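So that we are looking at the same thing, I have put the structure below in structure tokens.
The values are calculated or read from the model by the stated rules, or taken from the named source; none is laboratory data. This is a predicted model, so every value here is computed, not measured. Cβ: placed from backbone, ideal geometry, glycine included. Neighbour counts: every protein chain shown.
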Amino acid sequence: MMRLSILLFFIIGANCTFSQDKFKLPKALNEISGLEKLNDSILIAINDSGNSPDIFFINLKGDILKKCRVINAPNTDWEDLTMDDKGNLFIADVGNNLNDRKDLCVLKLNADQAFQADSISVQKIFYSYPDQTLFPPKQTGFKYNCEAIYWKEDSLHLITKNESKKPKASKKDGYLDWNRFPVEYQISDQPGSYSATQKKQQIDYLNKVKSKGIADLVTSIDYDNGIVAVLTYSQIRTVQLNEDDSHSIQSKGWGTKKFKKLAQREALVIFSNKVIYLATEKHPLLGGPFLHKKTFK
């Protein structure tokens, strides 16, 4: 999670028609960091680091219906949710602000069972980044903090924040004005320990989300029926992928929305055709937490 109190700016412009509804979330979700869809009337939510290992089930206006405690895993830094086509929910305990974690883990459980229970045990998928040798790395290699995960065809895809500083950068031309692209890694969706595979090809659906500053860092991602939706603090970008695994774009999807006002946008889920729910954390200056329903037209 990246604090935004140092950012005092507004993002303007949009290139798609867009409408939205906004709902206040309860205090229990002040640090909401992940969203997923359970069914047509219920969403799943989690908080990030410093909070209890609870899974929240909320209605489409943000009211908490119930919660389920994970009893065999802590909330070190839960940052995103995704679900496979069998109803398995994946909790990405992969937040890594200092780039020094050696216990990165994705938790796997059945979402319907969690909804019916007060507590649940999870399976664990451990992984490491194959190109990381220092913990933490030098500032020029700060690219191992992840807040975005999606499931596709028996694999989990993790999109990291590339917060690297420009090599030999001076204070005047530091990393905030250096273009950096997100990095994508892939691991199995089965319990075990893995060395992640870095996607070597240029990531077509991310290559226009190059980071010039904190507002462009990827905070959540979702994939559904060929549509990829990428969330940053400043925009939602959607694309339609080709059916092969080349990550090439078939079309611009539903379009891109650049937000007019700053908010700490941390979670996103594709709910249905052209409908996305996203959530913003509570911020001392920007308010929240909020649940937003976004409709592309």
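Could you identify the single residue in 124, 61 that is in a loop (DSSP other than H, G, I, E, B) and of a type outside the set (Val, Ile, Thr)? Spell out the reasoning first.
Values: 124 fails: in a loop (DSSP other than H, G, I, E, B).
Going through 124, 61 in turn, just one is in a loop (DSSP other than H, G, I, E, B) and of a type outside the set (Val, Ile, Thr): 61.
Quick check: is even one residue across the stretch 98-110 within 22 Å of residue 290 (Cβ to Cβ), of a type in the set (S, T, N, Q) and either surrounded by fewer than 17 Cβ atoms within 10 Å (Cβ to Cβ) or in contact with a strand residue (DSSP E or B) (Cβ under 7 Å, 6 or more places away or on another chain) (or both)?
Looking only at the stretch 98-110, we keep the residues that are within 22 Å of residue 290 (Cβ to Cβ), and these are none.
There is no residue in the stretch 98-110 that is within 22 Å of residue 290 (Cβ to Cβ), of a type in the set (S, T, N, Q) and either surrounded by fewer than 17 Cβ atoms within 10 Å (Cβ to Cβ) or in contact with a strand residue (DSSP E or B) (Cβ under 7 Å, 6 or more places away or on another chain) (or both).
Restricted to the stretch 177-205, and to residues that are more than 24 Å from residue 244 (Cβ to Cβ) and assigned to a loop (DSSP other than H, G, I, E, B), which residue is modelled with the highest pLDDT?
Within the stretch 177-205, the subset more than 24 Å from residue 244 (Cβ to Cβ) is 177-180, 191-193, 195.
If we keep only those that are assigned to a loop (DSSP other than H, G, I, E, B) as well, we get 178-179, 191.
Numbers: 178: 51, 179: 58, 191: 98.
Only one residue fits best here, namely 191.
Quick one: in the stretch 250-278, of everything that is buried (at least 16 other Cβ atoms within 10 Å of the Cβ) and closer than 18 Å to residue 152 by Cα, which residue is modelled with the lowest pLDDT?
Here the answer is 253.
Test residue 278 against the stated conditions and say whether it is within 19 Å of residue 216 (Cα to Cα) and either basic (Lys, Arg) or outside any loop (DSSP other than H, G, I, E, B) (or both).
Details: within 19 Å of residue 216 (Cα to Cα): yes; either basic (Lys, Arg) or outside any loop (DSSP other than H, G, I, E, B) (or both): yes.
Criteria met by residue 278.
Restricting to the stretch 123-167, and then to whatever is crowded, with 23+ Cβ neighbours inside 10 Å and of a type in the set (Ser, Thr, Tyr), can you tell me which residue is farthest from residue 281 (Cα to Cα)?
So the residue we want is 144.
Here is a follow-up. Identify, by number, the condition in (1) more than 22 Å from residue 221 (Cα to Cα); (2) modelled with pLDDT of 95 or more; (3) surrounded by fewer than 17 Cβ atoms within 10 Å (Cβ to Cβ) that residue 85 doesn't meet.
Evaluating residue 85 over (1) more than 22 Å from residue 221 (Cα to Cα); (2) modelled with pLDDT of 95 or more; (3) surrounded by fewer than 17 Cβ atoms within 10 Å (Cβ to Cβ) leaves (1) as the failure.
Here's something else I'd like to know. Pairs under 9 Å by beta carbon, first residue buried (at least 17 other Cβ atoms within 10 Å of the Cβ) in the stretch 64-77, partner basic (Lys, Arg) and not in a loop (DSSP other than H, G, I, E, B), six or more apart or different chains?
Note: pairs meeting the criteria are 73/124.
Hey, another quick one. If you go through the stretch 281-297, how many residues are farther than 21 Å from residue 255 by Cβ and either within 17 Å of the chain's Cα centre (by Cα) or outside any strand (DSSP E or B) (or both)? Outline the logic, then answer.
Step one: of the stretch 281-297, the residues farther than 21 Å from residue 255 by Cβ are 281-291.
This time we only want the ones that are either within 17 Å of the chain's Cα centre (by Cα) or outside any strand (DSSP E or B) (or both), so: 281-282, 284-286, 288-291.
Matching residues across the stretch 281-297 total 9.
Moving to a separate point now. Any chance the stretch 42-58 includes a residue that's exposed (fewer than 15 other Cβ atoms within 10 Å of the Cβ) and either at pLDDT below 60 or outside any loop (DSSP other than H, G, I, E, B) (or both)? Don't jump to the end; show me each part of the working.
We begin by selecting, within the stretch 42-58, every residue exposed (fewer than 15 other Cβ atoms within 10 Å of the Cβ); these are 50, 52.
Filter again for either at pLDDT below 60 or outside any loop (DSSP other than H, G, I, E, B) (or both), leaving none.
Within the stretch 42-58, not a single residue is exposed (fewer than 15 other Cβ atoms within 10 Å of the Cβ) and either at pLDDT below 60 or outside any loop (DSSP other than H, G, I, E, B) (or both).
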